[in-house]
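Q: Structure provided below as structure tokens; questions to follow.
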């Protein structure tokens with residue numbers, strides 16, 4: 001019974017991850033912008049600038065993730081480098097109080113993960 005429940009939970013998590021990856025860069029940027037506006041109390045000028053930065057980041061992340069010529073390690077390194085650049089750009093727009101809050105946001109943020117494709121041969125168990 002436990003295996004059945006755990007399998008069901010695993011399936012639900014896998015399904016939710018599949019749908020989460022189908023967001024467009026525009027949707028990802030809008031979601032991230034909304035979160036930062038709420039957490040940092042950004043003014044209109046800051047909101048516009050942050051939105052532009054996050055949209056550029058989301059498009060670049062999509063390009064990096066879809067690059068079939070790079071290894072997973074190279075993609076991960078590029079995503080981390082991009083995130084540091086974005087953090088620097090956003091920090092330059094913030095007041096000192098906002099920077100303090102943003103540093104907490106950065107510390108609490110989960111690391112970017114490179115989605116890996118499942119090879120068809122590994123997706124289903126073989127009948128040996």
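The values are calculated or read from the model by the stated rules, or taken from the named source; none is laboratory data. Everything numeric in this text was worked out from a predicted model, so none of it was measured. Cβ placement follows ideal geometry from the backbone for every residue including glycine, while neighbour counts extend to all protein chains displayed.
Q: Scan the stretch 28-68 for residues that are within 19 Å of residue 81 (Cβ to Cβ) and assigned to a loop (DSSP other than H, G, I, E, B) and jot them down.
A: 67
Q: Suppose we filter 90, 118 for residues that are surrounded by 12 or more Cβ atoms within 10 Å (Cβ to Cβ) and either modelled with pLDDT under 90 or not in a loop (DSSP other than H, G, I, E, B) (or both); which single one remains?
A: 90
Q: Now for a separate question. Only one of (1) closer than 27 Å to residue 101 by Cα; (2) at pLDDT 90 or above is not met by residue 63, so which one is it?
A: If we test residue 63 against (1) closer than 27 Å to residue 101 by Cα; (2) at pLDDT 90 or above, just (1) comes out false.
Q: Hey, can you tell me all the residues within the stretch 40-69 that are more than 22 Å from residue 23 (Cα to Cα) and either out of contact with any helix residue (DSSP H, G or I) (no Cβ under 8 Å at 6 or more places or on another chain) or surrounded by 14 or more Cβ atoms within 10 Å (Cβ to Cβ) (or both)?
A: 40, 42, 43, 44, 45, 46, 69 - these are the residues of the stretch 40-69 that are more than 22 Å from residue 23 (Cα to Cα) and either out of contact with any helix residue (DSSP H, G or I) (no Cβ under 8 Å at 6 or more places or on another chain) or surrounded by 14 or more Cβ atoms within 10 Å (Cβ to Cβ) (or both).
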